[in-house]
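Enquirer: Quick one: structure below, then a few questions.
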Amino acid sequence: MPQTASRKKDLRQSLRRRSRNLRRKRAMKQATKVFMQAVREGDLEGAQEAFRQAQQCIDKAAKQGIIKRNTASRRKARLSRLKKAAETA
């Protein structure tokens, strides 16, 4: 456990940030799962909306530094590829 006041405050801040980051990460994963489910079921309209939501969550996570920009770009590209394949099939 931290001894000095500044380290105690740092620990509190760290725990708050961790909680916030985990919430954002969970939201991103959940949005991706919803999209994948819609694609699997063949629900094109649902997939379209879920894709927008997933993309938005990924962008927010990247903007806040939870994931890196290239990681966000890669994930969005993969989702986009799946959406395009579902539309043509």
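Read the figures in this text as sums done on the coordinates, not as results from a lab. Worth saying up front: this structure is predicted, and the values here are computed from it rather than measured. Reconstructed Cβ throughout: ideal geometry from the backbone, glycine too, with neighbour counts over all protein chains shown.
Enquirer: Just need a number here: residues in the stretch 15-43 that are of a type outside the set (D, E, K, R) and either outside any helix (DSSP H, G or I) or exposed (fewer than 11 other Cβ atoms within 10 Å of the Cβ) (or both).
Expert: 3
Enquirer: Exactly one condition in (1) polar (S, T, N, Q); (2) surrounded by fewer than 11 Cβ atoms within 10 Å (Cβ to Cβ); (3) in a helix (DSSP H, G or I) is not met by Q3; state its number.
Expert: (3)
Enquirer: Within the stretch 40-58, identify whether any single residue is out of contact with any strand residue (DSSP E or B) (no Cβ under 8 Å at 6 or more places or on another chain), under 22 Å from A89 (Cβ atoms) and of a type in the set (V, I, T), and answer yes or no.
Expert: No - not one qualifying residue is present in the stretch 40-58.
Enquirer: Out of the stretch 57-75, which residues are touching a residue at least 12 places away in the same chain (Cβ under 8 Å), part of a helix (DSSP H, G or I) and closer than 19 Å to R20 by Cβ?
Expert: Across the stretch 57-75, the qualifying residues are C57, I58, D59, K60, A61, A72.
Enquirer: Residue by residue through the stretch 66-89, note down the ones that are under 18 Å from D43 (Cβ atoms), surrounded by 10 or more Cβ atoms within 10 Å (Cβ to Cβ) and of a type in the set (A, V, I, L, M, F, W, C).
Expert: L79, L82, A85, A86 - these are the residues of the stretch 66-89 that are under 18 Å from D43 (Cβ atoms), surrounded by 10 or more Cβ atoms within 10 Å (Cβ to Cβ) and of a type in the set (A, V, I, L, M, F, W, C).
Enquirer: Tell me, please, whether a residue that is polar (S, T, N, Q) and over 10 Å from the mean Cα position of the chain (by Cα) can be found in the stretch 59-70.
Expert: yes
Enquirer: Could you check the stretch 44-61 and list, in sequence order, the residues that are among the acidic types (D, E) and closer than 16 Å to R78 by Cβ?
Expert: Here is the first cut: in the stretch 44-61, the ones among the acidic types (D, E) are 45, 49, 59.
D59 - this is the single residue of the stretch 44-61 that is among the acidic types (D, E) and closer than 16 Å to R78 by Cβ.
Enquirer: Now, a different point. Mind counting the residues in the stretch 50-89 that are among the small types (G, A, S) and in contact with a Leu (Cβ under 7 Å, 6 or more places away or on another chain)? Break it down into steps so the answer makes sense when it comes.
Expert: Going through the stretch 50-89, the residues among the small types (G, A, S) turn out to be 50, 54, 61-62, 65, 72-73, 77, 80, 85-86, 89.
From the residues that got through so far, the ones that are in contact with a Leu (Cβ under 7 Å, 6 or more places away or on another chain) too are 54, 86.
Counting residues in the stretch 50-89 that are among the small types (G, A, S) and in contact with a Leu (Cβ under 7 Å, 6 or more places away or on another chain) gives 2.
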